[in-house]
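First comes the structure, then the notes that go with it.
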Amino acid sequence: MTITSFIPPHRTLMGPGPSDIYPQVLQALSRPTVGHLDPLFIGMMDELKQLLQYAFQTQNAFTIAVSAPGSAGMEACFVNLVEAGDKVLVCRNGVFGERMRENVERCGGVAIVVDNEWGTAVDPDLVEQALQNDPEIKIVAFVHAETSTGALSDAKTLAEIARKHDCLTIVDAVTSLGGVPLLVDEWQLDAVYSGSQKCLSCTPGLSPLTFSQKAIDKIQQRKTKVQSWFLDQSLVLGYWSGEGKRSYHHTAPVNSLYALHEALVLLQNEGLENAWQRHRNAHEELKAGLEKLGIKFVVEETSRLPQLNAVYIPEGVDDAEVRNELLQRYNLEIGAGLGVLAGKAWRIGLMGYGARSENVALCLKALETTLK
Ligand code: PLP
């Protein structure tokens, strides 16, 4: 049998990510590949750093894109900042908080877990109490936008509490970057990672990452080598430094970085505030329509993410059958529930290019006809 080219259909991606990619980003991806140490490419990487600084709202000199997906950004934070024996407070209110705990343990650290009910935001009072109980904790880790439940936590307040107790913060902004306010410098967050495939509407496989000076200082004071060669950010620094001394670390995913550059140019041209508002508007439209269908949200209104709408599957409805029908009849993907919400909830994404009235209308029409 001769295998032929893979030509996928045109889906509308309204799950938890990847989201629909901007056409301009797909075009950027197909531009001619240049060498990754070509002066033109180095110039593009310098621009990419500036664009990422804008997206993160930071002046942090260490602001890069890890050449691997969001999970690698997560791991980069933990392997660089946590040494054996370090105590880390992990806030767990969904799947990704649990992954943070796993990361701490794999670094030989001691994870102190603050559990919050799935579908709720991280409770700052619980964090305060835990830090009061154990002055040896050095880092507070939390997920800003928990994709598994659609809950948004108050990163500003959590970081304030962490600072009061002399702790650094590790913040998962995979689903928040570009979709809701994330002000890295104003909120004084220390190590923040994201993903290219959510509200940036870029191809999956890159992880924007930024470290504050305090985070860099901690890395420089390490007593032991970072156990991962690839994710040791002190080695990556030479590769991303803007001082013309670029040294080889790994072969950059050249075309993927063109795509990220393009996605960030689009974000810059739209303006962050406008992008946040667009996500909010799309969410309001979706919410009004879902309520008419009698569908209820998992997360209470005050901590609901506009870009990730977790809703309860109506009683008597077959989860997999409906999602399959949407895929087959409407080329529309919505997400299944994860973890404790598996089989109980759907996750409807309105991320990046997907946060548009057309998408909302398609999803509502498809659900209305399928659920009849
Ligand atoms: N953190 C959060 C909150 C996520 O939603 C995801 C992916 O969905 C990740 C981390 C992991 O990112 P990736 O799948 O790109 O490795």
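The values are calculated or read from the model by the stated rules, or taken from the named source; none is laboratory data. Everything numeric in this text was worked out from a predicted model, so none of it was measured. Cβ: placed from backbone, ideal geometry, glycine included. Neighbour counts: every protein chain shown. All accessible areas refer to the heavy atoms of the entire protein, side chains included, with ligands and DNA or RNA removed. Shrake-Rupley method; radii C 1.70, N 1.55, O 1.52, S 1.80 Å.
What the table below lists for this structure:
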{"item": "Residues within segment 318-340 that are touching a residue at least 40 places away in the same chain (Cβ under 8 Å), farther than 26 Å from residue 99 by Cα and surrounded by 14 or more Cβ atoms within 10 Å (Cβ to Cβ), tallied", "result": "7"}
{"item": "Of all residues in segment 79-99 being surrounded by fewer than 19 Cβ atoms within 10 Å (Cβ to Cβ) and aliphatic (A, V, I, L, M), the one that is farthest from the ligand (Cβ to nearest atom)", "result": "84"}
{"item": "Pairs, first under 16 Å from residue 276 (Cα atoms) and among the β-branched types (Val, Ile, Thr) in segment 142-163, second modelled with pLDDT of 95 or more and assigned to a loop (DSSP other than H, G, I, E, B), C-beta under 8 Å, six or more apart", "result": "none"}
{"item": "Restricting segment 161-175 to residues that are buried (at least 24 other Cβ atoms within 10 Å of the Cβ) and not aliphatic (A, V, I, L, M), the residue that is farthest from the ligand (Cβ to nearest atom)", "result": "169"}
{"item": "Answer from 205, 178 - the residue that is modelled with pLDDT of 95 or more, in contact with a Leu (Cβ under 7 Å, 6 or more places away or on another chain) and within 16 Å of the ligand (Cβ to nearest atom)", "result": "178"}
{"item": "Residue check for residue 158: away from the ligand (no atom under 11 Å from the Cβ) and in contact with a strand residue (DSSP E or B) (Cβ under 6 Å, 6 or more places away or on another chain)", "result": "yes"}
{"item": "Matching option when the condition is in a helix (DSSP H, G or I), under 14 Å from residue 178 (Cβ atoms) and open to solvent by less than 20 Å² (accessible area, probe 1.4 Å), among 264, 286", "result": "264"}
{"item": "Single match in 26, 13 (criterion: within 16 Å of the ligand (Cβ to nearest atom), open to solvent by 20 Å² or more (accessible area, probe 1.4 Å), in contact (Cβ under 8 Å) with a residue 60 or more places away in the chain and not small (Gly, Ala, Ser))", "result": "13"}
{"item": "Residues being out of contact with any Pro (no Cβ under 9 Å at 6 or more places or on another chain), farther than 17 Å from residue 44 by Cβ and buried (at least 16 other Cβ atoms within 10 Å of the Cβ) - total across segment 200-227", "result": "9"}
{"item": "Given (1) out of contact with any His (no Cβ under 9 Å at 6 or more places or on another chain); (2) surrounded by 15 or more Cβ atoms within 10 Å (Cβ to Cβ); (3) closer than 30 Å to residue 40 by Cβ, number of the condition residue 279 does not satisfy", "result": "(3)"}
